[in-house]
Amino acid sequence: MWFFMNTCYVFSLISFVMLLVAFFQSFLKFYVFAANHLTFMILTSIIYLFTETLVIFFFVGTGVSIKEYAQAHHLDAQFQKKSFAVKMKIYPPLLLNMLFLIILFILVGAVDTGHIASWIYQFYFAFCIWHFLYSKRIQNDCFRTNTENILAMSGVAGK
């Protein structure tokens, strides 16, 4: 679990850095790894979507593990309910952020072909970065709550 959670954090940081580089690349028109803005955004989208999918699978996997552990050890359903509450807290902003960034990844093509002004795209890009940080703050709280729930369930908390 710890490796998986830390991997989510590392990939979230990588995604954030790539989004920032791509944002500044949209203004300054520089190349990264011999890639222009459009090409670098394709790589950024792959890394970003991999990261968010990893986060989703983390919460799904720990939720299943909590359910199986609670059933095997005849524990109260409160642990499952808390796990479900964590998922209900993290999924809406996470999925909304994925939607916002998928739209952004599509808009980069519209800007490249001249169908949308670059200032509109850059304004929307700044909003997407803000929402990314907002959802990561919620994600961090959910990681913490989920970990506390697992530790309490296993009897490790408070020792």
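Read-outs throughout are calculated quantities, based only on the coordinates presented, and are distinct from any laboratory measurement. In this text the structure is predicted, and so the values were computed from the model without any measurement. In this analysis, Cβ positions are derived from the backbone assuming ideal geometry, glycine residues included, and neighbour counts consider all displayed protein chains.
What residue, of I116, I56, I150, is surrounded by 15 or more Cβ atoms within 10 Å (Cβ to Cβ) and touching a residue at least 40 places away in the same chain (Cβ under 8 Å)? Talk me through it step by step, then tell me what you get.
Values: I116 fails: touching a residue at least 40 places away in the same chain (Cβ under 8 Å); I56 fails: touching a residue at least 40 places away in the same chain (Cβ under 8 Å).
Within the list I116, I56, I150, the selection yields I150.
From F4, F40, F27, F58, grab the single residue that is touching a Phe, Trp or Tyr at 6+ places or on another chain (Cβ under 8 Å) and farther than 22 Å from N149 by Cα.
Values: F4 fails: farther than 22 Å from N149 by Cα; F27 fails: touching a Phe, Trp or Tyr at 6+ places or on another chain (Cβ under 8 Å); F58 fails: farther than 22 Å from N149 by Cα.
Only one candidate passes the filter, namely F40.
Answer yes or no: is there a residue in the stretch 51-63 that is out of contact with any Asp or Glu (no Cβ under 8 Å at 6 or more places or on another chain) and under 18 Å from F127 (Cβ atoms). Quick ask: steps written out before the conclusion?
Taking the stretch 51-63 as the starting set, the residues that turn out to be out of contact with any Asp or Glu (no Cβ under 8 Å at 6 or more places or on another chain) are 51-63.
Filter once more, keeping what is under 18 Å from F127 (Cβ atoms): 52.
Within the stretch 51-63, one or more residues are out of contact with any Asp or Glu (no Cβ under 8 Å at 6 or more places or on another chain) and under 18 Å from F127 (Cβ atoms).
Tell me, please, whether a residue that is touching a His at 6+ places or on another chain (Cβ under 6 Å) and assigned to a helix (DSSP H, G or I) can be found in the stretch 98-105.
Within the stretch 98-105, the first condition is being touching a His at 6+ places or on another chain (Cβ under 6 Å), and the residues that meet it are 100.
Add one more test, that the residue is assigned to a helix (DSSP H, G or I), and what stays is 100.
Yes, the conditions are met somewhere in the stretch 98-105.
Tell me yes or no: at least one residue of the stretch 73-83 is surrounded by fewer than 16 Cβ atoms within 10 Å (Cβ to Cβ), part of a helix (DSSP H, G or I), without any contact (Cβ under 8 Å) to a residue 40 or more places away in the chain and among the aliphatic types (A, V, I, L, M).
no
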